[in-house]
Structures are given as C-alpha cells and as structure tokens.
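Reviewing the structure listed below.
The values are calculated or read from the model by the stated rules, or taken from the named source; none is laboratory data. On a predicted model such as this, the values are computed, not experimentally measured, just so you know. Methodologically, a virtual Cβ is constructed for each residue, glycine included, from the backbone with ideal geometry; neighbour enumeration extends over all protein chains shown. What goes into the accessible areas is simple: the full protein's heavy atoms, side chains included, and nothing from ligands, DNA or RNA. Shrake-Rupley method; radii C 1.70, N 1.55, O 1.52, S 1.80 Å.
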Amino acid sequence: MLVADRFVSGKNSFCCRQTIYYYKTLIFAVTPSIYFIMKNMFSSSTIVLWVSLIIILFSAHNSAAQPKVNFTSILTGLSSPLEVRNAGDGTNRLFIVEQRGKIKIYKDGSLLSNPFINVSSILSGANEQGLLSLAFSPNYATDRTFYIYYTDLAGSITVARYNTSETNPDSAIVNSGKILLSLPKEGGSLGRNGGNMHFGKDGYLYIGIGDAGTGTNTFNHPQNGNSLLGKMLRIDVNTSDLAPYYTIPADNPYVTNDKIKHEIWAFGLRQPWRWSFDRQTGDMWIGDVGQSKYEEINMVTPDQSPAANFGWECYEADSANKTQGCGSISTYKFPAFMYNHGSSNGGEVVIGGYVYRGNKYLSLQGYYLCIDYFSKNLWKIKPDNAGGWNVYMQKGGAADIVSFGEGEDGELYAAALTGTVYKLSTDEVLPVNLVSFSAQKKQGTNVVMLKWQTATEQNIDSYLVQISNDGRNFTAIGTVAAKNQANGFTYGFNHSPVSTGEIFYRLAIKSKDGSISYSDIISIMQNNVPRAIIYPTIVENRTVSILLNDKFNSLRIFDLSGRQVMNKSLAGVSGSLIVSLPQLTAGTYFVQLTGANPVQQKIIVK
C-alpha cells in the first residue's frame with residue numbers, strides 16, 4: 001500500500017495526551033492567561049474537563065464559521081494517480097502523475113489521449129515505488145524543462161531532468177533524461193521514499209527525501225549529515241549538458257561544513273510524502289508520515305527553514321523516540337499540528353496538502369488543508385493571530401486521497417489512488433457565476449472581441465479586463481460596469497492589441513466590498529507571428545540572422561557551462577538584423593533574447 005508503511009503491533013486510541021495537545025492549542029488561542037492559570041492549578045485530566053466544557057459552549061459558533069470542503073470528481077479511470085501539478089506557463093493545463101510511469105494532461109476540460117511522457121521502462125513500480133513527483137522549471141515557458149522523481153529499476157531514489165518538444169507542448173522528449181541524483185537504499189527497503197519536489201520563490205529546487213527505512217530501522221539516515229536520506233534538499237538546477245546538472249546555492253546552510261553534504265537544507269524527516277509551499281508567503285508545509293504513534297504537519301517560514309531539524313528519529317512528532325546521542329530538545333522544530341493513530345479523530349497516514357490561495361472561495365482563503373488516507377478526516381489549519389493555530393476537523397472526506405494539487409489559479413485538486421481526480425470547492429454562494437469567457441478576432445481587422453456570460457450576479461461592482469504577453473503578469477486595459485442581473489448577463493469588450501504572437505486575457509471581478517476574484521485565463525494568437533525567429537541553427541560563417549516581431553532588451557549568448565560569451569543591446573531595435581558572432585570554438589550555444597517575453601534558441605557553431 002502506497003505511503004501506508006505501517007509496522008504497528010496494535011492501534012492506539014486517541015489518548016488523553018493528544019486531546020490535551022489539541023485542546024490546549026484551542027484554549028490558548030482564545031485566552032492565553034486562562035491556559036497558564038489552569039496549567040499551574042490543575043492536573044491534565046482536570047484541564048481536559050474544563051476545556052471540554054468551554055469547547056461545548058463555543059463549538060456551535062466555531063463549526064458554523066468554517067467552510068465545508070467538497071470533493072467534486074472531474075476525472076475517473078486513471079491508473080494510480082499520485083500527483084496533480086501545473087506548469088505555470090499560462091496554459092492552465094493539469095499534469096497528472098501516474099505511479100506506473102505515465103504523466104497525463106487534463107486540458108480544456110478533457111484528458112488528452114496521448115500521455116505527456118511515459119517512463120515506465122526505467123522505473124520500479126511495486127508497493128510505494130514508481131513515478132512519484134513532477135516539478136516544472138520556473139522558466140518552463142522558455143526552457144521547456146521539467147523534473148521527475150522516481151525509483152529506478154534498482155529501487156534507488158532518482159531525480160532526473162527532461163525537456164518538452166519544441167513543436168508539441170503536450171509531448172515530452174522521452175530520451176532527453178539527465179539524472180541529477182541517484183540515492184541507493186540498503187536493507188531491501190521499498191518504502192519511505194519521500195517523493196515530492198517544488199521550486200521555491202528563490203528559483204531553487206527543493207526535494208523532500210524519505211529516510212528509506214524498513215520497519216523501525218532508519219539506517220541512521222535522518223540525523224546523519226553524510227546521507228541525503230531523511231532530509232529536505234535545496235539545489236540550483238541548470239540547463240547545461242554537463243553532469244551533475246546542478247550546483248549548490250551559496251547560501252545553503254552547510255556549504256562551509258565538510259562533515260555535512262552541502263545539498264542538505266533541513267534534517268530529521270521520515271516520510272515527507274506530500275509537502276508544499278504557500279504561494280503567497282513562501283511558508284513550507286510538510287506532511288510527514290509517522291512511525292507507530294503520530295502523524296505530523298510541520299510548518300516553517302522562509303526564515304525558519306534553513307537548517308531546520310524536524311526531529312526524526314530522535315522524536316516522533318514531539319514524543320521522545322530514540323534520544324540517545326541527540327541534541328537538546330530546543331534543537332528541534334516540532335509540528336504545527338499532529339494527531340494520534342487510531343480512533344475516529346485520528347488516522348494512520350497523513351497526506352499533506354496546500355494553503356488555499358484561489359479566488360473562488362473566499363471563506364477558504366488562507367486555510368491549509370490535509371487529510372488522512374485511512375480515516376478520511378480532513379483538517380483545515382489556519383493561524384490564530386496569537387502565535388498558534390486554529391485546527392478544525394471535517395469528517396468524511398473523499399476516500400483513498402494520496403495527494404493534493406494546485407492549479408495555476410490557486411484552486412485545489414486531490415488525487416485518489418483508486419483512479420479519481422477531484423476538484424475542491426465549498427458551499428458558499430459565489431457573488432457571480434461566470435458561465436463562459438472567450439476571445440475571437442474580428443475578421444479582416446486587428447480587433448479582438450472578448451465576450452463573457454454570467455448565470456447569476458450579486459453585489460458586483462465591475463469587470464476589469466486585463467492583458468498579458470506571458471500569461472502571468474497582467475495589466476488592466478479597460479473596465480466594464482456590472483449589471484447585477486439576477487439571471488445573469490452577456491458582456492462584450494473590444495480590444496486592438498499592438499503586440500503580436502500569443503496574447504492572454506483574464507477578468508478581474510471586483511465586488512462592491514472591494515474584493516477581487518479572477519476568471520480563467522484565455523489566449524489568442526495575434527497574426528500567428530512568432531515573437532522572434534533566430535536562424536540558421538547550424539552556423540558556419542559566424543553570422544546569425546534574427547527577425548524581431550516583439551520588443552527585446554538584449555541579445556545574450558551562453559556556452560553549455562553557462563558562461564556568457566556575448567551581450568548586445570536590442571533597445572529600440574526591431575525588424576531584421578544580422579549578428580556577427582565573436583570567435584567561438586565549435587560546439588553548442590544558447591542565444592537568448594531578454595525582455596518581458598524572452599526567447600531562447602539553441603545553435604550549433606561549426
């Protein structure tokens with residue numbers, strides 16, 4: 001059973017200790033002084049009694065204030081889907097990782113028949129092994145580079161780089177793989193591989209690695225600086241053709257310590273099966289699957305993250321486990337939330353999720369969501385503004401959830417091992433129900449006709465029409481007042497763009513209370529002209545011709561090591577130009593046109 005690596009002699013009840021932990025958090029959030037008075041005056045059991053009475057008094061108000069999360073199926077019949085990711089390239093596609101080696105694309109409301117990539121021939125897929133994670137380069141729109149995390153045929157934890165086809169954005173090049181990391185495991189371990197990667201706001205790749213243990217044996221990995229297992233890693237990846245295809249960031253916490261591997265960012269993880277960054281704050285949330293007692297959610301801010309030690313295997317959650325030879329208790333970063341195994345209020349395998357930063361469900365904004373694979377209990381966690389956390393449990397989540405996912409728009413998804421992908425929502429009434437949003441060129445003109453239709457509207461101030469050349473950075477080009485028709489209305493807006501190539505539009509929907517929500521992003525090709533053409537790709541006479549159909553800042557050329565060999569200003573330059581290259585040795589180079597919409601082309605110098 002994937003991620004369910006359990007070696008437990010018996011199930012523990014949701015004991016008094018965990019109840020005290022949970023209730024202390026709640027009462028401390030309401031009034032810290034009461035908690036400290038009670039702590040000094042009463043026993044643990046008395047505290048539980050008093051707090052229980054307070055919880056009864058306030059539970060109706062608290063539960064009513066919480067958003068109810070719904071799981072709506074959008075895809076079925078998949079083969080063990082483990083992850084849902086987006087490419088961040090403005091296409092709004094969802095990439096679904098299947099355990100046996102295929103990545104499939106959900107595009108424009110349907111699943112494409114051909115997989116994005118199939119790497120089943122290079123991986124082992126038994127039990128908790130297989131293709132486990134996917135991460136797209138922050139510059140994916142231009143460098144077409146992505147990374148996969150899998151267990152190879154020998155069972156080694158592997159991270160590799162791949163490229164997408166230049167001519168078909170829905171297809172990757174299966175033979176383009178370059179292995180960055182390959183970590184063998186001892187003792188015949190099949191599980192605790194970790195398996196999640198994300199790029200941070202700093203542009204570096206963070207990789208959560210499991211301890212690769214068997215049963216209670218961790219082979220001394222999690223607290224061992226000479227092992228990359230049981231750690232969070234941080235590396236600076238590059239697109240060169242020279243191994244190992246990454247370097248160590250200069251501000252990694254152990255770059256000057258020869259006794260600790262320099263890739264290590266944080267210590268003390270057991271099975272960080274699913275973790276994520278808060279896209280707004282950069283906070284790191286880690287769902288670490290426990291051993292025999294506790295499941296835990298760790299949270300560290302960007303300032304707390306470097307050199308953090310989450311305690312395993314000295315501690316399981318905040319409970320002493322094997323403390324001989326360990327540091328003082330202050331050495332470790334204990335969970336923001338944890339729960340016991342067993343009972344209807346606990347579970348056995350935590351599935352870490354995301355902080356909701358979408359715009360459709362304002363009541364869910366800022367909540368971190370996680371679920372237990374076995375009990376189906378869903379937790380919603382949010383800061384209490386007093387240094388602690390408000391934690392709310394919702395019973396009866398979807399079954400067999402092994403992963404959450406995030407769309408480009410911040411909306412959340414979940415994947416069930418049995419083959420279903422869900423979209424998450426709440427029961428709140430939305431101020432507007434946007435039925436459609438489309439763009440069409442007016443025949444024989446340069447005019448783009450935008451049209452959108454609503455089914456219901458209430459308390460909407462206006463629709464701000466926004467445009468982008470990259471699908472990420474938008475500027476407003478016009479405002480349309482809302483009609484607030486109870487049965488909806490059909491709106492139109494005409495725009496004459498000055499740029500060519502692909503143009504992106506979206507609506508910023510402004511409510512009368514000042515809040516903003518966004519439509520899906522749509523795009524249209526204007527004149528079907530590429531932003532730039534660089535030719536020839538095989539250079540024999542030291543000259544390159546460039547046709548500029550957009551504005552660029554500079555032309556830069558790099559060799560495969562990343563060394564810049566030429567830099568030419570393109571400010572105010574348009575149309576065709578011929579560039580004379582410096583004296584270059586024969587080989588492969590990258591021509592990069594920098595600007596708001598960069599273009600990169602590989603050339604071979606003879």
> Across region 84-95, in residue order, what do the Karplus-derived ³J(HN,Hα) couplings come to in whole Hz, using 6.51 cos²θ - 1.76 cosθ + 1.60 with θ = phi - 60° and x for Gly and Pro?
Replying inline: 10, 9, 10, 8, x, 10, x, 8, 6, 6, 10, 10
>> How far apart, in nanometres, would the label points at SER462 and PHE334 be if each is projected 7 angstrom from Cα along the Cα-to-Cβ direction?
In response: 5.3 nm
> So which aspartates and glutamates pass the test for LYS376, namely a Cα distance under 18 Å, with those fewer than 8 places away in the same chain ruled out?
Replying inline: ASP5, GLU83, ASP288, GLU295, GLU296, GLU348, ASP400
>> Can you tell me which lysines have their Cα less than 18 Å from the Cα of LYS602? Leave out same-chain residues fewer than eight positions away.
In response: LYS178, LYS568
> Rounded to two decimals, what is Rg over Rh for region 151-226 when you use alpha-carbon atoms and the Kirkwood radius?
Replying inline: 1.06
> Do the alpha carbons of any pairs in LYS185/LYS261; LYS104/LYS382; LYS185/LYS231; LYS395/LYS512 sit beyond 24 Å of each other, and which pairs?
Replying inline: LYS104/LYS382; LYS395/LYS512
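Could you work out what % of the accessible surface of the chain is carbon and sulfur, using a 1.4 angstrom probe and leaving DNA, RNA and ligands out of the count?
Numbers: 13080 of 25980 Å².
For the chain, the apolar C and S fraction of the accessible surface comes to 50 percent.
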> What aspartates and glutamates sit close enough to LYS510 to cross-link, taking a C-alpha to C-alpha distance under 13 Å and skipping anything fewer than 8 places away on the same chain?
Replying inline: GLU457, ASP461
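With r defined as the distance between the Cβ atoms of SER496 and LYS201 and R0 fixed at 45 Å, what FRET efficiency is calculated, to the nearest 0.05?
In this case the efficiency is close to 0.80.
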> Whole-Hz Karplus ³J(HN,Hα) for region 510-516, in order, using 6.51 cos²θ - 1.76 cosθ + 1.60 and θ = phi - 60°, x for Gly and Pro?
Replying inline: 9, 7, 5, 8, x, 6, 10
> Are there GluC sites (Glu not before Pro) in region 390-467 that DSSP puts in a loop and that have at most 15 other Cβ atoms within 10 Å, and which ones?
Replying inline: GLU428
>> Name the residue from ILE534, PHE590, GLY478 whose Cα lies farthest towards the positive end of the charge dipole of the chain, charges +1 on Cβ of Lys and Arg and -1 on Cβ of Asp and Glu.
In response: GLY478
> So, in nm, how far is label LYS442 from label SER319 when the simple model puts each one 7 Å beyond its Cα toward the Cβ?
Replying inline: 7.0 nm
>> Under 4 °C and 1.567 mPa s, how fast does region 77-128 diffuse according to Stokes-Einstein, given a Kirkwood radius computed over C-alpha pairs? Answer in µm²/s, whole number.
In response: 111 µm²/s
>> Report the rotationally averaged projected area of region 317-456 based on its alpha-carbon convex hull, in square nanometres.
In response: 14.4 nm²
> Quick one: which of 396-404, 255-263 comes out on top by average Cβ neighbours within 10 Å, and what's the full order, highest first?
Replying inline: 396-404, 255-263
>> Within region 298-312, list the residues whose amide N lies under 14 Å from a label point set 7 Å along Cα→Cβ of ASP251.
In response: 302-307
> Given R₀ = 25 Å, FRET efficiency for ASN433-ASN473 by Cβ-Cβ distance, to 0.05?
Replying inline: 0.35
> Across 10 Å bins from the origin, how do the percents of Cα pairs in the chain run, short distances first?
Replying inline: 3, 15, 24, 24, 19, 11, 4, 1, 0
> What whole number of Å gives the distance from the Cα centroid of region 408-478 to the Cα centroid of region 584-603?
Replying inline: 35 Å
> Could you give the distance between the Cα centres of region 213-254 and region 292-320, to the whole Å?
Replying inline: 18 Å
>> I want to make sure I understand the PRE zone here: with the label point 7 angstrom from the Cα of ASN345 toward its beta carbon, which residues in region 385-414 have backbone N atoms less than 19 Å away?
In response: 389-397
> For helix 32-41, what angle does its Cα long axis make with the longest principal axis of the chain, in degrees from 0 to 90 and rounded to 10?
Replying inline: 30 degrees
> What accessible area per residue comes out for region 357-485, rounded to a whole number of Å², with a 1.4 Å probe?
Replying inline: 41 Å²
> Relative to the present Cα-Cα distance, how much length would full extension add between ARG100 and ASN226 at 0.36 nm per residue of separation?
Replying inline: 42.2 nm
>> Taking 60 Å as R0, compute the FRET efficiency from the Cβ-Cβ separation of TYR392 and ASN541 and round it to 0.05.
In response: 0.30
> So for the pair SER121, THR588, with labels modelled 7 Å out along Cα→Cβ, what separation do we get in nm?
Replying inline: 2.0 nm
> Which ³J(HN,Hα) values, rounded to whole Hz and listed in residue order, are derived for region 556-572 from phi using the Karplus coefficients 6.51, -1.76 and 1.60 in 6.51 cos²θ - 1.76 cosθ + 1.60 with θ = phi - 60°, glycine and proline given as x?
Replying inline: 10, 10, 10, 8, 5, 7, x, 7, 6, 10, 7, 9, 10, 5, 10, 4, x
>> Loop-only trypsin sites (Lys or Arg not before Pro) in region 394-467, please: DSSP not H, G, I, E or B, and at most 11 other Cβ atoms within 10 Å.
In response: LYS395, LYS442
> Gap in Å between the Cα centre of region 494-527 and the Cα centre of region 160-206?
Replying inline: 33 Å
>> Restricting to bridges with both residues inside the chain, how much of the DSSP beta-bridge set is antiparallel, in percent to the nearest 5?
In response: 95 percent
>> Under the 0.36 nm per residue contour assumption, what length would be gained going from the current alpha-carbon distance of LYS483 and LYS606 to full extension?
In response: 37.9 nm
